[in-house]
Structure formats: C-alpha cells, structure tokens
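Below: the structure, in structure tokens.
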Amino acid sequence: MNTRQRGLTPELRNKILERDYFVCAYCNGEATVIDHIIPWSYTHCNNEDNLVSSCVICNSLVSNFVFDTFYYKKRFILERRNTGRWLKRLSVRKSSICINCRDMFPEGIK
C-alpha cells in the first residue's frame, strides 16, 4: 500500500495502529499496516471510522472486495487464511517491508 497515494499520513497511520494496540482486526496477529474497511478505491475516504489495523497477509487477502458488514469481511479473510494456496502464493512473492513505514515493496528496491 502506498501511503502517499492514499493520502494516509504517518501520523494517522500511527494513531490507528496505537488505537488498535497493534493487533490485526481480523486474525488478532501483529498489525503492521492499515486496512480500509470499505476499500479506498471505492470511497477515497481516510476517515478513522473506515480504517483498522491489519497484518500484511490479511490486508492482501481481501484486495478491494466490498462486503455488506465487517463481520462478513472478517469471515472471508479467516476462511482464506486457512487455505494453503493463499499462503503459498503470498510466500512465493519476493517482497520486503520498510523498517520505517512498514510498507511492502518489491525485493531489490532500495
């Protein structure tokens, strides 16, 4: 996720992570990124009510799908996390995480 493109400031990102105690809203793992409940591509909204802390895997599994409720979105993600093909697909990608902003980027970029 490119925070500059989405208009998500580092201050807002840290505020959401601290608000959610660095816990993923979906799997209760360690949260390192911010997820838009209603995808940014649909609303272009960075309202605090539309943002939750998430781990990289849960955030990437949901893509930009829209769900009727947060419960359905969480259930969708948890079902996909238990599918081995998703985990294999994510582990094959060569990517790194920035130590400052925790954004993912393709391996080899400095």
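The values are calculated or read from the model by the stated rules, or taken from the named source; none is laboratory data. Just so it is clear, the model here is predicted, and its values are computed rather than measured. Here Cβ is always computed from backbone atoms with ideal geometry, including for glycine, and neighbour counts include all displayed protein chains. Areas reflect the complete protein model, heavy atoms only, side chains present, ligands, DNA and RNA absent. Shrake-Rupley method; radii C 1.70, N 1.55, O 1.52, S 1.80 Å.
What about ASN46, is it at negative phi and polar (S, T, N, Q)?
yes
Looking at the stretch 9-57 only, could you name the residues that are in a loop (DSSP other than H, G, I, E, B), open to solvent by 60 Å² or more (accessible area, probe 1.4 Å) and under 17 Å from ASP68 (Cα atoms)?
Matches in the stretch 9-57: ILE38 only.
Examine the stretch 2-18 for a residue that is at pLDDT 85 or above and among the acidic types (Asp, Glu), and state whether such a residue exists.
yes
Do you know which of the residues in the stretch 58-77 that are of a type in the set (A, V, I, L, M, F, W, C) and closer than 19 Å to ARG13 by Cβ is surrounded by the fewest Cβ atoms within 10 Å (Cβ to Cβ)?
Filtering the stretch 58-77 for residues that are of a type in the set (A, V, I, L, M, F, W, C) and closer than 19 Å to ARG13 by Cβ, the one surrounded by the fewest Cβ atoms within 10 Å (Cβ to Cβ) comes out as VAL62.
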